[in-house]
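Trainee: Got a structure here, written out as structure tokens. Questions coming.
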Amino acid sequence: MRAWRVTSPGPMATRPLTLVDEATPEPGPGELLVRVLACGVCRTDLHVAEGDLPVHRAHVVPGHEVVGEVATAAGGFAVGDRVGIAWLRGTDGICAYCRRGAENLCPASVYTGWDADGGYAEYATVPADYALALPSGYDDLELAPLLCAGIIGYRALLRAELPAGGRLGVYGFGASAHLAAQVALAQGATVHVLTRSPAAQALALELGAASAGDAADPPPEPLDAAILFAPVGDLVLPALAALDRGGTLAVAGIHLTDIPPLSYDRHLFQERQLRSVTANTRDDARAFLRFAGAHRLRVSTTPYPLGRADRALADLAADAVTGAAVLVPDLG
């Protein structure tokens, strides 16, 4: 099979990925072998490729937004079933965090495309207990971004504690943000999008945002909650400053550039909160996918053949992708 491996982590200009031909992986006990039908291209993949995240598995195959067809069955899944492979791949199930329902904080957690090979390939494996059933009504390209961009955006929305009918600010408007904004809109929120991309601003307004402006500018009204999707620490300050009393800013990324010094009076006083988002639980994933099944989300995608995965990541690094880039092996 063909697969992309991160052979030399570094800037995309240095070509950190290599396309290889190798044997199809063998599933372990309790694992599914999945033929990849589509794999979303996530900013976390970029952090793995460029070395922003430390190496967990040398020469790993990235990709954790995998839509596939079961080729070898296990755990209640049958051959031919369409399943999803997401970021969270395993936890110990016995630590204090797992026991209290916070498996995303498990110290022994492992992740697809970082600790184990992911979906930038023609086949992938996944423990059956961590494979996800997928909603109907979406094609493979549309489903792929739901498996991380959608799930993480959903958890970020929960962490932001947006009140019913509240005012939400969304900073950055890529794959995850354009899905989280639709969830908030479906729940009756007013959404203001702050992003530097004119194309993303246009998409935000088309999806129903009340306003779309530059990321550094204040929104037209105080915010009850905000989510920072752009991995830019400088934006934490204007996002906090835009919050109304008691508002919460959730930072959705796995990596963020350094945050400048905060002013307590301007940024945190009056019970404003700054919260991080760390991965997700399987319950988060299932709840979001149920929501997506009940509320048809518009998923903006740009397909790339598997053989051009390096170009897809380079375009993502250059902010040249509107919506979500998705690899399609059949085009390779």
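The values are calculated or read from the model by the stated rules, or taken from the named source; none is laboratory data. Please read all numbers here as calculations on a predicted model, not as lab measurements. Ideal geometry is used to build each Cβ from the backbone, glycine not excepted, and the neighbour counts take in all protein chains shown.
Trainee: Surrounded by fewer than 17 Cβ atoms within 10 Å (Cβ to Cβ), more than 16 Å from the chain's Cα centre (by Cα) and under 30 Å from ALA108 (Cβ atoms): which single residue out of GLY293, GLY233, GLY246 fits that description?
Mentor: Step by step, each of GLY293, GLY233, GLY246 is checked, and only GLY233 is surrounded by fewer than 17 Cβ atoms within 10 Å (Cβ to Cβ), more than 16 Å from the chain's Cα centre (by Cα) and under 30 Å from ALA108 (Cβ atoms).
Trainee: I'm checking my understanding of the structure. Among residues of region 51-81 that are within 22 Å of the chain's Cα centre (by Cα) and in a strand (DSSP E or B), which one is surrounded by the fewest Cβ atoms within 10 Å (Cβ to Cβ)?
Mentor: Across region 51-81, the extreme among qualifying residues is GLU69.
Trainee: Let me ask something additional. Taking VAL6 as the residue in question, decide whether it is under 21 Å from the mean Cα position of the chain (by Cα) and either surrounded by 15 or more Cβ atoms within 10 Å (Cβ to Cβ) or not polar (S, T, N, Q) (or both).
Mentor: yes
Trainee: For LEU134, are the conditions met, namely being more than 28 Å from GLU22 (Cα to Cα), hydrophobic (A, V, I, L, M, F, W, C) and touching a residue at least 12 places away in the same chain (Cβ under 8 Å)?
Mentor: When the stated conditions are applied, LEU134 passes them.
Trainee: Looking at region 226-244 only, could you name the residues that are touching a Pro at 6+ places or on another chain (Cβ under 8 Å) and more than 18 Å from THR278 (Cβ to Cβ)?
Mentor: Matches in region 226-244: ASP234, LEU237, PRO238, ALA241, ALA242, LEU243, ASP244.
Trainee: How about region 126-188: which helices (runs of 4 or more DSSP H) wholly inside it have at least 1 residues that are surrounded by fewer than 24 Cβ atoms within 10 Å (Cβ to Cβ) and touching an Asp or Glu at 6+ places or on another chain (Cβ under 9 Å)?
Mentor: Hits in region 126-188: 151-160.
Trainee: In the set LEU327, LEU313, which member is at pLDDT 95 or above and in a helix (DSSP H, G or I)?
Mentor: After ruling out the rest, the residue left standing is LEU313.
Trainee: Right, here's the next one. So, PRO220, is that one more than 30 Å from CYS98 (Cα to Cα) and exposed (fewer than 14 other Cβ atoms within 10 Å of the Cβ) or not?
Mentor: The answer is yes for PRO220.
Yes or no, residue by residue, for (1) closer than 30 Å to PRO54 by Cα; (2) among the acidic types (Asp, Glu); (3) without any contact (Cβ under 8 Å) to a residue 60 or more places away in the chain; (4) in the same structural domain as ALA324 (by TED's automatic domain parsing):
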residue: GLY188; (1), (2), (3), (4): no, no, yes, no
residue: ALA202; (1), (2), (3), (4): no, no, yes, no
residue: ALA215; (1), (2), (3), (4): yes, no, yes, no
residue: PRO218; (1), (2), (3), (4): no, no, yes, no
residue: LEU235; (1), (2), (3), (4): yes, no, no, no
residue: PRO261; (1), (2), (3), (4): yes, no, yes, no
residue: TYR264; (1), (2), (3), (4): no, no, yes, no
residue: GLN270; (1), (2), (3), (4): no, no, yes, no
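Trainee: I'd like the full set of residues that are in a loop (DSSP other than H, G, I, E, B) and either within 22 Å of the chain's Cα centre (by Cα) or in the same structural domain as GLY174 (by TED's automatic domain parsing) (or both), limited to region 82-100.
Mentor: If the condition is that a residue be in a loop (DSSP other than H, G, I, E, B) and either within 22 Å of the chain's Cα centre (by Cα) or in the same structural domain as GLY174 (by TED's automatic domain parsing) (or both), then ALA86, TRP87, THR91 are the ones that fit.
Trainee: Ok, one more. Give me a count of the residues in region 39-56 that are at negative phi and touching a Gly at 6+ places or on another chain (Cβ under 9 Å).
Mentor: Number satisfying all stated conditions: 11.
For (1) closer than 18 Å to GLU31 by Cα; (2) not hydroxyl-bearing (Ser, Thr, Tyr), each residue gets a yes or a no:
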residue	(1), (2)
SER109	yes, no
ALA131	yes, yes
LEU146	no, yes
GLY165	no, yes
GLY169	no, yes
THR195	no, no
